[in-house]
1. So VAL30 passes all but one of these: (1) assigned to a helix (DSSP H, G or I); (2) within 15 Å of ligand 1 (Cβ to nearest atom); (3) β-branched (Val, Ile, Thr). Which condition number does it fail?
2. Of these, ALA218, ALA162, which one is surrounded by 16 or more Cβ atoms within 10 Å (Cβ to Cβ) and either more than 30 Å from ALA47 (Cα to Cα) or touching a residue at least 12 places away in the same chain (Cβ under 8 Å) (or both)?
3. If you check GLU67 against the conditions, is it in a helix (DSSP H, G or I), within 16 Å of ligand 1 (Cβ to nearest atom) and either of a type in the set (Phe, Trp, Tyr) or over 19 Å from the mean Cα position of the chain (by Cα) (or both)?
4. If we keep just the residues of region 1-29 that are within 15 Å of ligand 2 (Cβ to nearest atom) and under 18 Å from ALA65 (Cβ atoms), which is surrounded by the most Cβ atoms within 10 Å (Cβ to Cβ)?
5. Pairs needed: first member in region 2-30, touching a residue at least 24 places away in the same chain (Cβ under 8 Å); second member anywhere, within 10 Å of ligand 1 (Cβ to nearest atom) and basic (Lys, Arg); C-beta distance under 8 Å; at least 6 residues apart or different chains.
6. Would you be able to tell me the number of residues in region 320-358 that are without any contact (Cβ under 8 Å) to a residue 12 or more places away in the chain and buried (at least 17 other Cβ atoms within 10 Å of the Cβ)?
7. Within region 48-58, is even one residue outside the structural domain of PRO168 (by TED's automatic domain parsing) and more than 14 Å from ligand 1 (Cβ to nearest atom)?
8. What's the number of the only condition in (1) more than 12 Å from ligand 2 (Cβ to nearest atom); (2) part of a loop (DSSP other than H, G, I, E, B) that SER58 fails to meet?
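The values are calculated or read from the model by the stated rules, or taken from the named source; none is laboratory data. Here the structure is a predicted model, which means the values were calculated and not measured. Quick reminder, even Gly has a Cβ in these numbers, built from the backbone with ideal geometry, and neighbours come from all protein chains shown.
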Amino acid sequence: MRITGHLDMDAFFAAVEERDRPRLKGRPIVVGSDPEDGRGRGVVSTANYKAREYGIHSAMPISKAWELSEKAKKDGNPPAVFISGSHRRYSEVSKKIFQIVAKHVQAFEQTSVDEGYLDLSFTSSYKKAETLAKKIQKEIRLKEKLTCSIGIGPNKLIAKIASDIQKPNGLIVLNEEDAENFIEPLSIRNIPGIGPKTEILLNKEGIKTVKDLKKFSAEKLRTLLGKWGTILYAKARGQDDSPVANYYVEAKSIGEQETFNRDSSDLNFITDRVKTLCGSVFNSFKKDGFKSFKIVVVTVRFSNFETKNRSRTLAEPANSLENLEFEALKLLYPFFDRRENPQKRLIRLVGIRIEKLK
Ligand code: TTP
Ligand code: MG
């Protein structure tokens, strides 16, 4: 019998800040770019649960978060504390957390700085898996003074959905019998992989919940979404047979992005910023002791917030800054002409990321 867990830290960056600055205890905290008294142009990385009560959340423009905080202040609530944050510190904490996890399970797969799948099959029962999950939560709480939520299910899909349902400090167990029924009333957005674009497309077909999705045949979903449609057909039924890979990904990717002070279409300026970002990404790559990268991704956000990612998988793993700049600029230049920017939009943000690190 396969039993899978999914662990996800609660409000991770903000929780680390709150823990490390006792004076902030209980205050609403927003980690993200500088709000500059409401004129800031970046985004929120995350907000703690207190700040979420003001409607602040990840990926929201920081100016909007500022506005919500000001409004809360006017209503007599404490304003949010804005912190720029330190990715290096968060990855150090992340390492410690997964060292705790590693002591308790035989295999786990870290999928981001604050989450990962745990192979709990060896416990041989849901009851024992639950007891072990509680033990892991307790150890993280005692040693790292942080809380996490864990979902347990017959596969990765159900475990991930379950870990999200009762945040913060949640623990939900869904066995084979319960899982399919449990996910039926959920919104399709609860299914990992369904982002805003697929959601809009499916909404147009009248699909809002997982139950609605199940009314569509595999063929119909394939026509709508291609190969992804077939995968979705299985997911809607709670099915997923991808195994928990037994490895420890400290960093699956290294990336950085920059929001410009003013939207721009200036080729020289943007080329210069992209080169700087490449330099900084390359420094982290070296510092973290990686030897090569195989995928280069460029992100461009236009003035209307439309965001495009363009990536290239290299024929051979690369390891020089020249390689990185060359590939990044090759991906960037189509954004200055009709190929990627037919509406001649101004550019608001660029990002560089490298993946498949070794
Ligand atoms: P999440 O696990 O998505 O969020 P979270 O841990 O802050 O909150 P939750 O309790 O809902 O799990 O992401 C983990 C960290 O990744 C988060 O603390 C900050 C970072 N992050 C960003 O920088 N930008 C984003 O858009 C998101 C979603 C996360
Ligand atoms: Mg989290």
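1. Condition (1) is where VAL30 drops out.
2. Details: ALA218 fails: surrounded by 16 or more Cβ atoms within 10 Å (Cβ to Cβ).
From the options ALA218, ALA162, the qualifying one is ALA162.
3. Details: in a helix (DSSP H, G or I): yes; within 16 Å of ligand 1 (Cβ to nearest atom): no; either of a type in the set (Phe, Trp, Tyr) or over 19 Å from the mean Cα position of the chain (by Cα) (or both): yes.
It is false that GLU67 is in a helix (DSSP H, G or I), within 16 Å of ligand 1 (Cβ to nearest atom) and either of a type in the set (Phe, Trp, Tyr) or over 19 Å from the mean Cα position of the chain (by Cα) (or both).
4. First, the residues of region 1-29 that are within 15 Å of ligand 2 (Cβ to nearest atom): 5-19, 29.
Now narrow it down to the ones that are under 18 Å from ALA65 (Cβ atoms): 11-15, 17-18, 29.
Values: ALA11: 24, PHE12: 23, PHE13: 27, ALA14: 29, ALA15: 25, GLU17: 23, GLU18: 24, ILE29: 27.
Going through the qualifying residues, I end up with ALA14.
5. ASP8/LYS167; ASP10/LYS167; ALA11/ARG52
6. Going through region 320-358 one residue at a time, the tally reaches 1.
7. First, pick out the residues of region 48-58 that are outside the structural domain of PRO168 (by TED's automatic domain parsing): 48-58.
Those left that are additionally more than 14 Å from ligand 1 (Cβ to nearest atom): 54-55.
Yes.
8. SER58 satisfies every listed condition except (1).
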